[in-house]
1. Filter region 19-45 for residues that are of a type in the set (A, V, I, L, M, F, W, C), outside any loop (DSSP other than H, G, I, E, B) and within 12 Å of the chain's Cα centre (by Cα) and give the result.
2. Report, by residue number, each residue of region 26-69 that is over 18 Å from residue 136 (Cα atoms), modelled with pLDDT under 95 and open to solvent by less than 60 Å² (accessible area, probe 1.4 Å).
3. Quick check, is residue 72 farther than 18 Å from residue 148 by Cα and either out of contact with any Ser or Thr (no Cβ under 8 Å at 6 or more places or on another chain) or open to solvent by 70 Å² or more (accessible area, probe 1.4 Å) (or both)?
4. Look through region 120-150, keep the residues that are of a type in the set (Gly, Ala, Ser) and open to solvent by 30 Å² or more (accessible area, probe 1.4 Å), and return whichever of them is modelled with the highest pLDDT.
Amino acid sequence: MNYINELFGNHMFVCALIAYFSAQIIKIILCLINERRLDMHLMFASGGMPSSHASTVAALAFSALRIYGPGSPYFAIAFVLASVVMYDATGVRRATGEHAKILNRILADMTSGDPILTEASLKELIGHTPFQVVVGAVLGIVIPFLVPLA
């Protein structure tokens with residue numbers, strides 16, 4: 001039980017968790033505003049605005065910066081991780097989503113509405129636009145400075 005207290009007393013962990021859930025809640029709110037529907041599945045969905053991947057790793061990096069300073073190995077590790085994750089979100093993962101859109105269109109054209117084949121649509125909302133990543137990163141940078149140090 002002490003491990004749980006230690007984990008939730010860890011500023012870096014708490015900031016990353018808050019950043020992730022904040023981004024996901026914002027996605028739900030934006031869906032409610034833009035599409036007039038409450039989609040709770042977005043709480044654990046990837047892709048969309050803002051990037052929860054970017055907010056999580058940015059919060060991790062900037063909480064390490066706040067606690068240990070820019071010369072610490074903790075900040076260096078978290079910053080490099082954040083850079084890789086954000087690059088991947090706008091690169092490989094976004095391209096995967098674009099490919100899924102094209103393949104889904106091809107499949108729909110080929111099957112002419114055959115329900116067996118069209119049920120297996122590929123997930124299209126996987127990656128992020130650069131703007132979605134920047135907004136997620138800004139959210140993640142702000143959170144460690146709002147969460148008080150223990």
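1. As a first pass, look at region 19-45 and keep what is of a type in the set (A, V, I, L, M, F, W, C): 19, 21, 23, 25-26, 28-33, 38, 40, 42-45.
Subset that is outside any loop (DSSP other than H, G, I, E, B): 19, 21, 23, 25-26, 28-33, 40, 42-44.
Answer for region 19-45, where residues must be of a type in the set (A, V, I, L, M, F, W, C), outside any loop (DSSP other than H, G, I, E, B) and within 12 Å of the chain's Cα centre (by Cα): 19, 21, 23, 25, 26, 42, 43, 44.
2. Answer for region 26-69, where residues must be over 18 Å from residue 136 (Cα atoms), modelled with pLDDT under 95 and open to solvent by less than 60 Å² (accessible area, probe 1.4 Å): just 39.
3. Answer is yes for this residue.
4. Initially, region 120-150 is screened for residues of a type in the set (Gly, Ala, Ser), giving 120-121, 127, 136-137, 140, 150.
With open to solvent by 30 Å² or more (accessible area, probe 1.4 Å) added as a condition, the list becomes 120-121, 150.
Values: 120: 56, 121: 58, 150: 70.
Only one residue tops the list, namely 150.
The values are calculated or read from the model by the stated rules, or taken from the named source; none is laboratory data. Please read these numbers as outputs of a predicted model, since none were measured by experiment. Reconstructed Cβ throughout: ideal geometry from the backbone, glycine too, with neighbour counts over all protein chains shown. Surface areas here come from the heavy atoms of the whole protein model, side chains and all, with no ligands, DNA or RNA. Shrake-Rupley method; radii C 1.70, N 1.55, O 1.52, S 1.80 Å.
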